[in-house]
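For reference, the structure is listed below as structure tokens.
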Amino acid sequence: MSYRRRDSPLHATRAGCACCYCLALALAALMLDNPLLLAALTLTLLLAGTGARVGGPLRRTALLTIPLAAAIVVINALVARDGLHVIIRLGQLPVLGHTDITLEATAYGGVLALRGAALILCGGLYTLAVDPDQVLALFRRVSFHSALTATIATRMVPVLARDSRRLADAQRCRAGSPPSRLALMRAVSSGVLDRALDVAAALEVRGYGAVRRPPRHRRPWSRHDLAFAAAAFLIAATAIVVRVGGLAAFHAYPVLRATFGAGTIALAVALPAIALLPFADRRGIAR
């Protein structure tokens, strides 16, 4: 899963606005507790991936979150001791002791699983739709040398892949069991920053970046930049208002209490509408 330039409004947006958009969705996942809103947010992320022409990889990422979500539900149900409605009595278990699974702990595990899936999808959308070179360029003003090192480190991924294949071939020539993939990954990735730093130092010695940098031309804001920036602001503001104002409240312990009234349904419809509206304008997104 990596970034590829595609003809979508999110790819045509500057990196700063696209990052704010993904961060606003992640903030909403952290701030919201109501399962209906979290489910709407998860569906919104999948639809946003479709609008950004990265629906296939994002759906595969969603499939990978299913085992993690199931593990979160099971672990929370086994570990949490709160809740008044017991649904399964497991008795005395090793390490865990006396264990009763409650409805409240299971439901809250489901909420945590939805939140984790939404956060993973936010990260997947960011990886697939935000240009990493433009993101690194944002930090160029803070530290030019750090940005150069990070850029070279990301660009050396094909080199590391070749190194891993060579190490695997060399290990197979030795007697004994072949190394695990984890051992190969550790051996290859341990020196990536050192190698990038050496290359950056060599470039600096050769005069890269030593001369005065040309004046930076300000890129005018496009309608896609404004649309995604406004969507990010509205998503973040809505999540904060819902959290602070106690709207669409959800309480798991000691007894399940959730709000599924007209206001919650309206929020579940408004959040996807706000997040997906910028994808409606597809003008000016040519490669």
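Taken over the range 60-81, the criterion of being of a type outside the set (A, V, I, L, M, F, W, C) and modelled with pLDDT of 85 or more is satisfied by Arg60, Thr61, Thr65, Pro67, Asn76.
Considering Leu30, Leu38, Leu58, Leu23, the condition of being closer than 30 Å to Gly261 by Cα, touching a helix residue (DSSP H, G or I) at 6+ places or on another chain (Cβ under 9 Å) and crowded, with 16+ Cβ neighbours inside 10 Å is satisfied by Leu38 alone. Only one of the listed residues (Thr44, Thr65) is hydroxyl-bearing (Ser, Thr, Tyr), touching a residue at least 12 places away in the same chain (Cβ under 8 Å), crowded, with 16+ Cβ neighbours inside 10 Å and under 19 Å from Ala227 (Cα atoms). That residue is Thr44. If you scan the range 215-236, which residues turn out to be surrounded by 14 or more Cβ atoms within 10 Å (Cβ to Cβ) and of a type in the set (A, V, I, L, M)? Matches in the range 215-236: Ala227, Ala229, Ala230, Ala231, Ala232, Leu234, Ile235, Ala236. Of all residue pairs spaced 6 or more apart or on separate chains, those with beta-carbon atoms under 6 Å, a first member in the range 100-120 that is of a type in the set (A, V, I, L, M) and a second member that is assigned to a strand (DSSP E or B) are Ile101/Ile87; Ile101/Ile88; Leu103/Ile87.
With respect to the conditions (1) charged (D, E, K, R); (2) more than 22 Å from Val130 (Cα to Cα); (3) at pLDDT 90 or above, Asp225 lacks only one, and its number is (2). Thr264 meets the stated requirement of being at pLDDT 75 or above, closer than 25 Å to Gly109 by Cβ and in contact with a helix residue (DSSP H, G or I) (Cβ under 7 Å, 6 or more places away or on another chain).
Among the conditions (1) within 18 Å of Ser8 (Cβ to Cβ); (2) at pLDDT below 85; (3) in a helix (DSSP H, G or I); (4) not aromatic (Phe, Trp, Tyr), the only one that Arg283 does not satisfy is (3). Screening the range 13-40 for residues that are in contact with a Lys or Arg (Cβ under 9 Å, 6 or more places away or on another chain) and in a helix (DSSP H, G or I) and picking the one that is farthest from Val244 (Cα to Cα) gives Leu38.
Checking each residue in the range 41-58 for being in a loop (DSSP other than H, G, I, E, B) and either among the polar types (S, T, N, Q) or under 28 Å from Val241 (Cβ atoms) (or both) picks out only Ala52.
The values are calculated or read from the model by the stated rules, or taken from the named source; none is laboratory data. Everything numeric here is computed off the predicted structure, so don't read it as measured data. Positions of Cβ are backbone-derived with ideal geometry, glycine not excepted, and every protein chain shown enters the neighbour counts.
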